[in-house]
1. Report, in deg cm²/dmol and to the nearest 500, the calculated mean residue ellipticity at 222 nm for the chain, where each DSSP H run with n ≥ 4 adds -39500 (n - 2.57) and the sum is divided by the residue count.
2. Taking loop as defined by DSSP and a crowding limit of 14 other beta carbons within 10 Å, which GluC sites (Glu not before Pro) in the range 264-334 fit?
3. Where the only charges are on Cβ atoms (+1 Lys, Arg; -1 Asp, Glu), what is the dipole of the range 109-156 about its Cα centre, to the nearest 20 debye?
4. Does anyone have the angle between helix 268-279 and the longest principal axis of the chain? Alpha-carbon axes, 0 to 90°, nearest 10?
5. When N is the residue count of the range 50-165, what does its C-alpha Rg come to as a fraction of 2.2 N^0.38 Å?
6. Restricting things to alpha carbons, tell me how big the chain is in terms of Rg and Dmax, in Å.
7. Along the Cα→Cβ direction, 7 angstrom out, place labels at VAL281 and THR245. What is the inter-label distance in nm?
8. Treating the angle as unsigned and between 0 and 90°, give the value, to the nearest 10°, between the Cα long axis of helix 64-74 and the longest Cα principal axis of the chain.
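No lab work stands behind these numbers, since they all come straight from the coordinates. All values reported here derive from a predicted model rather than from experimental measurement. Neighbour counts run over all protein chains shown; Cβ positions are idealised from the backbone, glycine included.
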Amino acid sequence: MKYLVTGAAGFIGSAVTERLCAQGHQVVGIDNLNDYYEVALKHARLDRIKHDNFSFIEMDLADREAIANLFAEQKFNRVIHLAGQAGVRYSIDNPMAYGDSNLIGYLTILEGCRHNKVEHLVYASSSSVYGLNQKMPFDTADSVDHPVSLYAAAKKANELMAHSYSHLYGIPTTGLRFFTVYGPWGRPDMALFKFTNAIMEGKEIDIYNNGDMSRDFTYIDDIVEGIIRIQDVIPQPNPEWTVETGSPATSSAPYRIYNIGHGSPVKLMDYVEALEESLGVEAKKNFMPMQPGDVYMTYADTDDLFAATGYKPAVDVKPGVQAFVDWYREYYNK
Ligand SMILES: NC(=O)c1ccc[n+]([C@@H]2O[C@H](COP(=O)([O-])OP(=O)(O)OC[C@H]3O[C@@H](n4cnc5c(N)ncnc54)[C@H](O)[C@@H]3O)[C@@H](O)[C@H]2O)c1
């Protein structure tokens, strides 16, 4: 099959591309290689994907004409849309980046799918859509109408936009709410990477809300396995569905939303301890108040993912953090 993977130079996109190519699929990857974090790492991720069935095109999602031409020329069977401006905190100071990449850019992908009969669009949403929700675990049946950052609001908007296209044009769409993804080839703007950098340089690490936070940390291989399985589960229309009786994660249209998380929250301080053990160094900790846009805890209910794919993410934090540290030492030669 022929796939478009957007964000192919990104953390999750490069790992998904690698898996699809290894399975023998043809993959076209696009990415604008922006400098939100070190561009060399994006190039290095692309260099890993050494398959004849992979081709990479540098392209911006917001370039309507280029994206429309790409879809018309390539005739993709399926699209896995992982490009976008990531990061909750960055969205506080740089909201426009999210308008361009996550709203306009997302619409260009929907339009491409609409005009070229793509059989399934799988796209990245986020656990951040749960916003002010305090009911645990987070269930896709819960309300997600109260985001606490523009990043989260744009992800929720993506889900709504997908629903309108699934309804109007019958495009099967699946939105995946990822829960704090970490592991080798990860993102330098995320806690694990930042902590590792700081600890190795003998600097302090900033610990928000005085360490009183939990995250449902999800290992990259678990995320990839979930994506690979779910893209084979093409949502079907359900004429029996009604707003009154059905879950908001489903529809009369071919539309689905899933959580992909480990399904067990880990305290931030336990995560730090796992990192200290892996590095063999105790961190100097700078305890800070809660950051704007942050949430206290994330915790995924993964029953729907399991029911649809038979898969439940399984890698625990200790081996996951160890695998990250091993990769980090090798990659940076430290
Ligand atoms: N990693 C996580 O913990 C996590 C959690 C929830 C949601 N997500 C979402 O999953 C997706 C992938 O995340 P990731 O961790 O791989 O992030 P990433 O930043 O490593 O990957 C995203 C890629 O998209 C590219 N990109 C950004 N704007 C673009 C544009 N306008 N045109 C073309 N390319 C563009 C970037 O260059 C980058 O390589 C994102 O949508 C992110 O918001 C990630």
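1. On the way: 12 runs with 128 residues, N = 334.
Computed mean residue ellipticity for the chain: -11500 deg cm²/dmol.
2. Values: sites: GLU273, GLU276, GLU277, GLU282, GLU330; in loops: GLU282.
Answer by residue number: GLU282.
3. Using Cβ point charges on Lys, Arg, Asp and Glu, the range 109-156 gives about 100 debye.
4. The helix 268-279 is inclined about 70 degrees to the chain.
5. Details: Rg = 15.6 Å, N = 116, 2.2 N^0.38 = 13.4 Å.
The reported ratio for this selection is 1.16.
6. Using the Cα atoms of the chain, the pair Rg, Dmax is 19.2, 60 Å.
7. The two pseudo-label positions are separated by 6.0 nm.
8. Value to nearest ten degrees: 70.
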